[in-house]
Structure formats: structure tokens, C-alpha cells
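The values are calculated or read from the model by the stated rules, or taken from the named source; none is laboratory data. Source: prediction; values computed, not measured. All Cβ positions, glycine included, derive from the backbone under ideal geometry; neighbour counts span all protein chains shown. Accessible surface is based on the protein model in full, side chains and every heavy atom, while ligands, DNA and RNA are left aside. Shrake-Rupley method; radii C 1.70, N 1.55, O 1.52, S 1.80 Å.
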Amino acid sequence: MSALPATIADLHRAIAAKSLSPVELAREALARAERLNPTLHAFIRLTPDIALDQARAAEARQMQGALHGPLDGIPVGHKDIFETAGVPTTGHSRVMEHHVPAQDATVVRAWAEAGMVMVGKLATHEFAWGGPSFDLPWPPARNPWDTTRFTAGSSTGTGAAVAAGIVPAGTGSDTGGSIRGPAGLCGLAGIKPTYGLCSRTGVLPLAHSLDTTGPLAWTVEDCALLLQAMAGHDPSDPSSANRPAPDLLAGLGDGVKGLRIGIIRHFHESDLVVTPAVRHGVDHLAEVLEAEGAVLSDVTLPPLMDWNATGWLILMVEALAVHEPWLRTRFRDYGEILRERLALATLVSGADYVQAQRRRRELCAAMAEAMRGCDLLLTAAQASEAPPIDKVSKFASLEAPGLTIPFNLTGQPAMTVCTGFGEGGLPVGAQIIGRPFEDALVLRAGHAFERATSWRQRRPALAA
Amino acid sequence: MAEPYPAAVFDAAMARAGITLTEAERATLIDVSRHIAASTGRIRTERAVGVEPATLFVPGQRA
């Protein structure tokens, strides 16, 4: 009998009860990857030797009754911008095709120390920005709900692998929505933690003042378990918040009674008009949380287009600074999409960048003011159900505003939860947003919603 | 929608970055540059001369 697909919480119960072998679980994850990857392209590299070594160590702890915790023996994949010692970390790019790091990224090491079993490295948009691309050394990941569809990006392989039940979790990074986008289109839970809560050391950068790392998983509860293991101060990351890691699990089941929740309707109803299913999903999330005891109100912020313009100008310039040395020498080694986006970034002047940072400060102040009357905010996570992968515009992020980048600008925690299914049986998602360093409250609300609904019972047919 | 960047400005930016484009790429990117122009216009609100940027970015800090 197969153990996958399953949640981390369920797998842990079976491992702790010694009814599931971590070695057999790792073998099953590897076999699922071998079977599904030719269709999904979720992994760009499997690491069976590492997986089986780590699984044997977990099994030894299991037999001794000395498990490291709820993640011990759980298979995982890492987005290929997370450095892994001795295993190529390429950014899904020809530019770094042969890069073999000497050390693990801090958060990769944290999950390994918690006992997680690395099955392989996951596809990403090129350097977490350029995609979906068909001219890179590896093809783009495809959506398990419909393999002709886009996963959203940039944590493409993580979205595909978790939705397909190959692994119950994976790492993501989020600079403008790269965790919350794939979580939405692939029907998962994914949290962009507060900026500074999780280390970025050993993670290939996209834009330093916006970059965050976080987990994607099937449920909010699993995200809480994963985030607990990766949160905390890292002196080697200058952006890391020097404060104790919060307890993300103690109050997870406390519900939302009495919480004040603001809905940013104009973001998804007028600034960007989302599809009916996406809009219904936000309304459904709000109604469920209200039925659970939350108090709802509407919130108005500056127009979404202002957040988008500010965020993308900052992102483009900071990304250009990262890639500047290679533009002169390796320009044709980038895929077409990233190559052209970086070329466009050269048009943004130094004064433009500073003006964007001044606008950012104003936007942060507007958000802080709005949140004086709210504990949490809600809005959509995506414009529509997953589009065909070959119909995604190269410049989509410039042509229409995105719903996720506002919370990269402010640094506050934001999570996508699956709120149902729309056209073609494709999943839709909405965001729950909290105050900075109140990640636990975001998780608590997401968990309350999942407990009160049955959306987590439906898996892609391909995952059976 | 804003106008694209003038070709001379666009070409100067590419030259400064050391980027050589094909004619097709150049034409595409000049056209798309209207989105950059629109964005740089949108971030310039009326503000007091002393308004600080978020150069030291701390989540939750009040302006």
C-alpha cells in the first residue's frame, strides 16, 4: 500500500508509530518522481543516494525512539536556487549549469537537521525570475491539475511536485509572489514569511530588499511545521531579524474568534478584475472565517498599480545589480525571457530607484495605518485559473498588476490557501496577510479555514 | 499608456550595460519600454522634499 500522497502530519504519525519506514517512504517518493517527472518536469535532478542515506539515518532514530521531531524522515525537494553541498545548484540556468556549492543554504541545513530527506532539486524560473522558458537546459514544470497549464512561478517545481504528491513539501522563495503564485495555481498552501524571519544565506538572490524564503505544502498545518524548522536568526544573513524564533505551533488550533479581518476588495475587484471563481474564493474564505467568529470589514489601500510599479522597479534594478557582471559576458547564455527582462531593467535610472524606495516608504505607512484596525487582511492570490503554459506573456508582470507583490514591499507575512476550484477543475487561491512577525496568526487563520472546509480532500487525478 | 523610451535613450542604456540586441529584440523591447515609462511616472507622487526612502527597510516601521 502506498503512503503517498499524504500530509507531513499524517506521515509523522505513521513514522512515530513505527508503522511506516522512512527508507520505504523515500523509495516511494523516488519512484513517484521517476514515474511522473517525464510529464511534469518538476525535478531537474534527483538525489537518490543522499535520500537513501538520510532516510536510513532517520530510520535508525525511529527504531531508537529518538526522532528529531515531526519532520524526521519526511521527503522533500529543494528549489534549485537553494544551495546544496556537493549537488549542482544551477538557478535552472545555463549561466550556472556547473555550479556545485560546498555548503548547504542555511534553511536547507535546518531542514536536514530536522531529519528531512532530500529527494532532489526542483525546477524554477531562471534565477527565480525568467519563465516559463522553453530554451533553458531543462523544460519548465507543468501543473499536475492539467499538464497543459502553467504552475505560476517562480517556485514552479515545488508547486508541481507537492501537488502531484511526489513529496509532501518543498522550499520556495518569494520576491514578488513566487511562493504564493504556485500555491494558488497548484492548489497548495504556501507562506511568504515576514522579511527577515528566515535566512537567505546560500540562496541565489533575485532582489535583496524583497527576497524571502518559505515553504509550500499541502496544508497550512504542514507549512507551520516546516516554517517552525526554518525560522530564526542567522548572523550570516544581514537581513535576518535578530529576535527569537516565534512559536508557530502552540496556537495553531486556536481559531479566529474575535479577530478583525479586513478585505482589500478593490485589489481584486476593480484594480485587477479577477475571474469569477477567484473572486468567489475570496468571498468564501471571508464567509468561513466570519462563521468561525472573525469580524469582517472592508479596507482601502493605495491602488494596486502603485504597489506594482514600485515593486517591479525595485525588483528589476536589484536583479540587474546581481546579474550585471554576466550581462557583458554571458548575455546569450540566459534564456530569452530573463535576457529581455534584464535588458529592460537597464532603462531604470538611479533616480527612478530612489523614487521607488521613497514611494515604498509611503506605501508601507499606508499599510501600517490600515492594519491599525485589523489583525489580518484578505485578497485574491491570482488573477485567474492556471493559463495554458504556452500562452503566458513574456512581460505579464508589466502588463497587468500582480496581487502578491504589495506584501513583499511591506515585508509582512502573506499566505495562499486553496479556496476551491474554477474553470476546468483548476484550483483557485486567496491570500491571508498579517502584521510583520505575526506569521503565527496568519497560519492560525489558514488552518481554521482548512479545518472548516473540505478542499484538502481533493487531489489531482495524476497524483492517485 | 506612456510613450516608449526614445530609441536614442534605449540604445544608450544598452550600450552602457554592454548588451547587444538583434533588431527584432530591440524593436520588441523599445515597444515594451512604455511599461517602464508608465511605472517610473506612477511612483513620482507629490511629496515633501525631505521624504526619506525605505533604504533601511525594517518590516513594520512607521514612516
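With the solvent-accessible surface defined on protein heavy atoms using a 1.4 Å probe, which residues belonging to segment A:295-329 display a reduction of at least 20 Å² in accessible area in the multichain context relative to the isolated chain?
Going by heavy-atom accessible area, the residues of segment A:295-329 that drop by at least 20 Å² are A:Met305, A:Asp306, A:Ala309, A:Leu313, A:Leu327, A:Arg328.
List every residue whose amide H lies under 5 Å from the amide H of A:Ala169, counting only residues 5 or more places away in sequence or on a different chain, with H placed 1.01 Å from N in the peptide plane.
A:Gly77
May I ask you to order A:162-172, A:15-25, A:240-250, A:109-119 by the average number of other C-beta atoms within 10 Å around their residues, highest value first?
A:162-172, A:109-119, A:15-25, A:240-250
Skipping prolines and chain starts, which residues have an amide H placed within reach, meaning under 5 Å, of the one on A:Ala430, given they are 5 or more residues away or on another chain?
A:Ala381, A:Val417, A:Thr419
Net charge near A:Ala245: determine it from the other residues with C-beta under 11 Å of the C-beta of A:Ala245, scoring Lys and Arg +1 and Asp and Glu -1.
Charge balance near A:Ala245 sits at -2.
Over the heavy atoms of A:His68, what accessible area does a 1.4 Å probe trace out, to the nearest 10 Å²?
110
Can you compute the charge dipole magnitude of the protein assembly as shown about its Cα centre, using +1 on each Lys and Arg Cβ and -1 on each Asp and Glu Cβ, nothing else charged? Give it in debye, rounded to the nearest 20.
Approximately 140 debye in magnitude.
Enumerate the amide H contacts of A:Gly73 below 5 Å, restricted to partners 5 or more residues apart or on another chain; note that Pro and chain-start residues carry no placed amide H.
A:Met116, A:Val117
Quick one: buried accessible area between A and B, total over both chains, 1.4 angstrom probe, nearest 100 Å²?
3600
Quantify, in whole percent, the carbon and sulfur part of the accessible surface of the protein assembly as shown (1.4 Å probe; protein heavy atoms only).
53
Counting other Cβ atoms within 10 Å, which GluC sites (Glu not before Pro) in segment B:16-47 have at most 10 and lie in a DSSP loop?
B:Glu46
Suppose every K and R has +1 on its Cβ and every D and E has -1 on its Cβ; what is the size of the dipole of segment A:306-352 about the Cα centre, in Debye to the nearest 20?
Roughly 260 debye, rounded to the nearest 20.
Taking the full set of protein chains and a 1.4 angstrom probe, give the accessible area of A:Glu362 in square angstrom, rounded to the nearest 10.
Near enough 50 Å² of accessible area.
Helix B:23-42 versus the longest principal axis of chain B: what is the Cα-based angle in degrees, 0 to 90, to the nearest 10?
Helix B:23-42 sits at roughly 20 degrees to that axis.
From the phi of every residue in segment A:120-130, what ³J(HN,Hα) in whole Hz does the Karplus formula 6.51 cos²θ - 1.76 cosθ + 1.60 yield, where θ is phi - 60° and glycine or proline is x?
x, 9, 9, 4, 8, 4, 4, 6, 6, 9, x
Determine the calculated [θ] at 222 nm for chain A from helices alone, applying -39500 (n - 2.57) to every DSSP H run no shorter than 4 residues and normalising by the residue count; nearest 500 deg cm²/dmol.
The helix contribution divided over chain A gives -12000 deg cm²/dmol.
Using the Karplus curve 6.51 cos²θ - 1.76 cosθ + 1.60 with θ = phi - 60°, work out ³J(HN,Hα) for each residue of segment A:254-261 in order, rounded to whole Hz, and write x for Gly and Pro.
My calculation for segment A:254-261 gives 7, x, 10, 4, x, 6, 9, 10 Hz in order.
Just for the protein assembly as shown, what percent of DSSP beta bridges are antiparallel, to the closest 5?
So the antiparallel bridges amount to about 70 percent of the total.
In peptide A:406-412, how many Cβ atoms from other protein chains are near each Cβ within 10 Å, on average?
For this peptide, the per-residue mean of nearby foreign Cβ atoms is 2.
For segment A:125-233, run through the chymotrypsin sites (Phe, Trp or Tyr not before Pro) and keep only the ones in DSSP coil with at most 13 other Cβ atoms within 10 Å of their Cβ.
Sites meeting the loop and neighbour criteria: A:Phe134.
I'd like the Karplus ³J(HN,Hα) series for segment A:172-180: coefficients 6.51, -1.76, 1.60, θ = phi - 60°, whole numbers in Hz, and an x wherever there's a Gly or Pro.
x, 10, 9, 10, x, x, 6, 9, 6
For A:Lys257, A:Lys192, give the ranking by accessible area with the largest first, probe 1.4 Å.
A:Lys257, A:Lys192
For A:Arg435, tell me the accessible area in Å² from a 1.4 Å probe, rounded to the nearest 10.
Counting only protein heavy atoms, the figure is 60 Å².
How much area per residue is accessible in chain A when the probe is 1.4 Å and only protein heavy atoms are counted (Å²)?
32
Once you average over the residues of A:338-347, how many Cβ atoms of partner chains fall within 10 Å of each Cβ?
Counting Cβ atoms of other protein chains within 10 Å of each residue's Cβ and averaging gives 6.
When you look at the Cβ of every residue in B:8-17, what mean number of other chain Cβ atoms sits within 10 Å?
Shielding by partners across B:8-17 averages 3.
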